[in-house]
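Novice: For reference, the structure I am asking about is given below.
The values are calculated or read from the model by the stated rules, or taken from the named source; none is laboratory data. Keep in mind it's a predicted model, so treat the numbers as computed, not measured. Here Cβ is always computed from backbone atoms with ideal geometry, including for glycine, and neighbour counts include all displayed protein chains. For accessibility, only protein heavy atoms count, side chains too; no ligands or nucleic acids. Shrake-Rupley method; radii C 1.70, N 1.55, O 1.52, S 1.80 Å.
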Amino acid sequence: MRQDKTFERQYSVNVARLRDGITEEVFEAGAAFFEYFPHAPIREGDVQVRLVIDKSARMLDVHFHVTGQVMLACDRCLQPYNQPVETVERVIYSFDPSLNLDDEEIIYVNPQEPQLSVLQECYDFIMLSVPMRKVPAPDLHTCSPEVLALIQNPGQDHEEDDDADESDEVSALFGSLTLPDLDEDDDEAVTEEFDDSAPVDPRWEALRKLKDQMEP
C-alpha cells in the first residue's frame with residue numbers, strides 16, 4: 001500500500017473532537033480508493049462505509065456498516081458485472097493496553113494521537129463482503145448463450161470418442177483371442193498353459209499394455 005498521508009487523512013476520525021457517546025462518520029470508497037491499494041482485485045466501485053462510534057474514557061467501540069456495489073468479473077464468462085456488497089463489522093480501539101474483551105477484535109491506539117486512520121479497516125471489510133465464488137444471480141448478470149454452450153460439459157464429445165475407440169480396441173483383441181479348450185481335471189495341462197517360462201502370446205502382451213494405459 002502506498003504511503004500517502006494526504007489520502008489517508010480522508011479516511012481518518014478526529015478523535016480529539018469526539019465527545020463521549022455515539023457519533024457517526026461516513027466515508028466513500030470509489031475508484032480512487034481502490035487504486036490506492038495496488039494489489040486490490042477491485043478497480044471500480046461505489047461503496048459507503050458508515051461508522052457508528054461509541055466513545056468512552058477507555059475505548060472507541062466502532063461498528064463499520066458497509067453498503068454499495070463493486071465491479072467484479074464473472075467466474076463463468078469473465079465479463080464484468082456490479083456486485084452488491086453489505087456487511088457490518090466491529091472493531092474496538094482501546095486507549096488502555098490492559099483492556100481485554102473476549103471474542104472482540106481490539107486495536108490499541110495512542111490516546112495522544114488526534115487522528116485515527118480507518119483506511120485499512122474500510123478496505124478489509126469491503127473485501128470481506130465480496131463473495132468468494134463470483135457467479136451472480138440472473139437478475140445481476142446473465143452470461144451469453146454462446147459462452148454457456150462452450151463451458152457446459154467441456155470436452156464431452158472428445159471423451160465419448162476416446163471411450164469408443166478404447167472399447168473397439170479391447171473388443172478387437174478379445175475377439176481375436178482363441179482360448180485353449182482345457183479339461184477341468186487336467187492339472188498338468190493347466191500348469192503347462194500358464195507356465196511363466198512359456199512364451200507369451202503377443203496378443204496377451206498387447207492387451208496388457210492397453211490395460212496399463214487405461215488405468216489412471
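Novice: Scan the range 80-99 and give yes if some residue there is in a loop (DSSP other than H, G, I, E, B) and without any contact (Cβ under 8 Å) to a residue 24 or more places away in the chain, otherwise no. Quick ask: steps written out before the conclusion?
Specialist: In the first step, residues of the range 80-99 are kept if they are in a loop (DSSP other than H, G, I, E, B); the result is 95-99.
Cutting the leftovers down to without any contact (Cβ under 8 Å) to a residue 24 or more places away in the chain gives us 97-98.
Checking the range 80-99: at least one residue is in a loop (DSSP other than H, G, I, E, B) and without any contact (Cβ under 8 Å) to a residue 24 or more places away in the chain.
Novice: Can you name every residue in the range 7-22 that is of a type in the set (Gly, Ala, Ser) and either modelled with pLDDT of 95 or more or surrounded by 14 or more Cβ atoms within 10 Å (Cβ to Cβ) (or both)?
Specialist: Passing the criteria: SER12, GLY21.
Novice: Being under 30 Å from GLY21 (Cβ atoms), among the small types (Gly, Ala, Ser) and buried (at least 19 other Cβ atoms within 10 Å of the Cβ) is the filter here, so list the residues in the range 40-80 that pass it.
Specialist: Hit for the range 40-80 is GLY68, nothing else.
Novice: Still on this structure: Which one of these does GLU8 not meet: (1) of a type in the set (D, E, K, R); (2) part of a strand (DSSP E or B); (3) closer than 18 Å to ASP124 by Cβ?
Specialist: Unmet condition: (2).
Novice: Looking at the range 104-140 only, could you name the residues that are at pLDDT below 80 and in contact with a Phe, Trp or Tyr (Cβ under 7 Å, 6 or more places away or on another chain)?
Specialist: Passing the criteria: PRO136, LEU140.
Novice: Just the residues that are hydrophobic (A, V, I, L, M, F, W, C) and open to solvent by 60 Å² or more (accessible area, probe 1.4 Å), please, taken from the range 24-39.
Specialist: VAL26, ALA32
Novice: Check off (1) surrounded by 13 or more Cβ atoms within 10 Å (Cβ to Cβ); (2) farther than 30 Å from ILE53 by Cβ; (3) not basic (Lys, Arg) for VAL91 and give me the number that stays unchecked.
Specialist: Looking at each condition in turn, VAL91 falls short on (2).
Novice: Taking the condition free of Cβ contacts under 8 Å to residues at least 60 places away in the same chain and over 17 Å from GLU113 (Cβ atoms), does GLY45 pass? Let's see the steps before the verdict.
Specialist: Numbers: free of Cβ contacts under 8 Å to residues at least 60 places away in the same chain: no; over 17 Å from GLU113 (Cβ atoms): yes.
So GLY45 fails the test.
Novice: State which residue pairs qualify: first residue within 22 Å of GLU89 (Cβ to Cβ) and inside the range 107-118, second residue at pLDDT below 90 and open to solvent by 50 Å² or more (accessible area, probe 1.4 Å) in any location, beta carbons under 6 Å apart, and separation of 6 or more residues or different chains.
Specialist: As it stands, the answer is TYR108/PRO97, since those pairs meet every condition given.
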